[in-house]
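**Q** Dropping a structure here in structure tokens format, bear with me for questions.
Every number here is computed from the coordinates shown, using simple stated rules; none is lab data. Nothing here was measured: the structure is a model prediction, and the numbers come from that model. As a convention, Cβ positions derive from the backbone with ideal geometry for all residues, glycine included, and neighbour counts pool all protein chains shown.
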Amino acid sequence: MRTSLNEIEHIEKHLLGELPGEESLLVEVKMSLNESLAEKVASQEVAYALVKQYGRRRVRQQIANVERKLFETSGYMSFRQRVFKFFG
Amino acid sequence: MNKNEQQGFDEMEGLFTRLYLEAFPLSAAFISKRDGSLEQAKDLFQDALVIYYEQVYTRSEKVRTSEKAYLLGIVKHLWYGQTGTGFTERLDGLDSLMLVDIEEPQPSEQKLLSFLETAGRKCMEVLKAFYYDNLPLSKISDHFGFSGTRSATVQKYKCLEKVRDKVRERKLEYADFAE
């Protein structure tokens with residue numbers, strides 16, 4: 001892998017707590033001395049959060065599709081009847 | 001959607017359809033007994049499915065034998081959380097603290113997220129498979145048609161780098177405007 005990708009992998013291990021203690025400490029020290037590195041680490045954390053939000057949105061879309069299917073299309077009448085009974 | 005995306009989508013649709021059919025009636029019964037509406041039941045159940053997917057389904061094969069109980073337990077937590085009454089029943093392996101993390105993205109993230117959902121779609125799908133769905137490396141490699149697991153890992157980091165660069169780029173833009 002090219003250098004920048006190796007660095008991303010290294011940062012990832014640091015963020016996940018997978019680096020041995022002294023290596024992790026070294027990353028922290030480098031971050032305090034190198035603004036660009038600190039910024040990369042911070043941005044990488046945001047990137048993971050964005051992936052999670054993206055995943056969550058896709059899952060919600062899929063659930064909404066399923067809900068529409070169950071409540072609005074034919075073929076799920078007995079399910080609907082069972083549910084509607086509870087709400088009078 | 002390309003063919004692989006469609007296949008993944010169909011699998012997820014199958015999963016959520018099954019969970020909905022199996023577990024929603026129990027949740028509906030619970031909520032209706034407490035004078036909740038059908039809409040409330042649907043909203044809570046959707047949240048419960050998201051939580052279940054993120055915290056249980058993508059993390060362990062073992063607990064899938066008690067899906068109905070899990071989902072009902074999550075719905076109860078959410079219901080009591082909303083109505084503010086205490087709820088002390090513990091569900092094995094499910095910390096109530098986990099349930100807090102269902103918030104929506106920050107406004108500043110929204111714009112970037114929308115951009116990534118379109119322009120960055122392919123990368124986001126790869127990253128989602130790794131970091132959100134927690135799929136095995138071999139499955140990801142097959143699904144996206146990579147030449148092997150090594151290639152899949154390289155693609156993961158390339159995509160992560162692209163997203164990270166976009167974040168840095170946008171942050172610089174915000175900083176400019178903030179001056």
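**Q** Any idea which of A:77, A:36, A:46 is furthest toward the positive side of the dipole for the stretch A:15-88, if Lys and Arg beta-carbons carry +1 and Asp and Glu beta-carbons -1?
**A** A:77
**Q** Hey, can you rank B:11-18, A:14-21 by average C-beta count inside 10 Å, highest first?
**A** In decreasing order of mean packing, B:11-18, A:14-21 become B:11-18, A:14-21.
**Q** Over 30 Å between C-alpha atoms is what I'm after, so list which of A:69/B:33; B:68/B:111; B:139/B:171 land there.
**A** Pairs exceeding the cut-off: B:68/B:111; B:139/B:171.
**Q** Summarise the partner chain shielding of A:9-21 as one whole number: the mean count of Cβ atoms from other chains within 10 Å of each residue's Cβ.
**A** Mean number of neighbouring Cβ atoms from other chains: 1.
**Q** Something else about it: What does the structure give for A:72-85 when I average, per residue, the other chain Cβ atoms found within 10 Å of the residue Cβ?
**A** That works out to 2 on average.
**Q** On C-alpha positions alone, give me the angle between the axis of helix A:21-33 and the longest principal axis of chain A, in degrees, nearest 10.
**A** 80 degrees
**Q** Mind checking the angle between helix A:77-86 and chain A's longest principal axis? C-alpha axes, 0 to 90 degrees, to the nearest 10.
**A** Helix A:77-86 and the main axis of chain A meet at about 90 degrees.
**Q** Another question, if that's okay. Order these peptides, A:2-9, A:75-82, by their mean beta-carbon neighbour count within 10 angstrom, highest first. Numbers along the way, then the final one.
**A** Values: A:2-9: 13.6, A:75-82: 11.8.
Result, highest mean Cβ count within 10 Å first: A:2-9, A:75-82.
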